[in-house]
Amino acid sequence: MAHSIMTEMTKLILSKSLKKLLSKKPLNKITVKDIVSDCKLTRQTFYYHFQDIFELLDWTYKNEIGHILEDANNSSWDIVIKGILSYIKDNKSMFTYTIQSVGREHFEQAVYPNLYEFSKNKIYKASSELEIPLDKIHFLANLQTITLLSVIIQWANNGMKENIDEIVQMLDMTLNSAMSNILQEYESESSNC
C-alpha cells in the first residue's frame, strides 16, 4: 500500500515538472534531464516509472482527464465536455506543445480509452430498456468519442476562442439527440429482424 502511494506521488511530481516545462517550451525540446532537474529526482527514478517522456505525457493526460471522466461518471455530457475543455484551456501550452511536437494522434490515443468507456456507459444507460445489439452500442460509442475528440482538437487548434459554454451546449444537444435517434433506429431495425 505505502509503495503504491509513493509510486503515484512520484509520478505526480514528474508529471507536474513536465507540465511546468511545457509551459515554456515544446515537448521535443524537453529532456529527461530537464524533468528530473526541475523536480530534484534522479534519472533512475524517472526510468523506474516511465520508459520515456511520451509515456509520462500519456500518463499525465490519462490521469488528469481520466479523473474528470471518473468524477463525472454518473453525470451528463455537458459536465464532461466542459471539464475536458476547461482542462485543456487551463493547460493550453501543454496541449498546444503536445499537438505541435507529436501530433494530435498522441493526445487522442491517451484520452480515447477513458472517453470511449464513458460514452459506452452513457449509451448502455440510455438503451437499458431497448434491445440493441452490443456491436451497435460499441459503434455508437466509438463514433461519439471520435466526434468529441475531433471537436476538442479543432477548438484548440483555432486558439480556444469560442466560448466553452456555447460549445458545451451544442455538443451536449447534438450528442444526446443523435444518440437518442440512432438508438431508436437500431431498436426498430432489431425488431424488424
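Summing Cβ point charges (Lys, Arg +1; Asp, Glu -1) relative to the Cα centre of region 70-189 gives a dipole of roughly 460 debye.
Average accessible surface for region 36-82: 55 Å² per residue, computed with a 1.4 Å probe over protein heavy atoms with every protein chain in place.
Annotation for region 1-57 versus region 81-156: alpha-carbon center distance of 25 Å. Packing order of peptides 141-147, 176-182, highest average first: 141-147, 176-182 (average count of other Cβ atoms within 10 Å over each peptide's residues). Full extension of the chain segment joining Leu130 with Gln100 gains 6.4 nm, where the gain is 0.36 nm per residue of separation less the Cα-Cα distance. Protection proxy ranking for 155-164, 20-29, 112-121, using the average of other Cβ atoms within 10 Å per residue and placing the highest first: 112-121, 20-29, 155-164. Based on protein heavy atoms only, region 96-193 ends up with 55 Å² per residue of surface accessible to a 1.4 Å probe.
For the listed residue pairs Lys19/Lys125; Lys40/Lys82; Lys33/Lys82; Lys92/Lys122; Lys82/Lys120; Lys40/Lys89, the alpha carbons are over 24 angstrom apart in Lys19/Lys125; Lys40/Lys82; Lys33/Lys82; Lys92/Lys122; Lys40/Lys89. Taking all protein chains together and a 1.4 Å probe, the residues Phe54, Phe95 rank Phe54, Phe95 from largest to smallest accessible area. With the simple model of a label 7 Å out from the Cα in the direction of the Cβ, His138 to Ser188 spans 2.7 nm. Among complete DSSP H helices in the chain, those whose alpha-carbon atoms stretch at least 24 Å along the helix's long axis and whose mean Kyte-Doolittle hydropathy reaches 0.0 are 2-22, 134-157. Over region 1-151, what is the mean sequence separation of C-alpha contacts under 8 Å (at least six apart), divided by residue count, expressed as relative contact order in percent? Computed over region 1-151, the figure is 23 percent. The fraction of accessible area contributed by carbon and sulfur in the chain is 53 percent, rounded to a whole number (1.4 Å probe; ligands and nucleic acids excluded).
The values are calculated or read from the model by the stated rules, or taken from the named source; none is laboratory data. The structure displayed is predicted, hence computed values, not measured ones. Neighbour counts are summed over all protein chains in view; Cβ atoms, including those assigned to glycine, are modelled from backbone coordinates with ideal geometry. The area values use the complete protein model at the heavy-atom level, side chains included, leaving out ligands, DNA and RNA. Shrake-Rupley method; radii C 1.70, N 1.55, O 1.52, S 1.80 Å.
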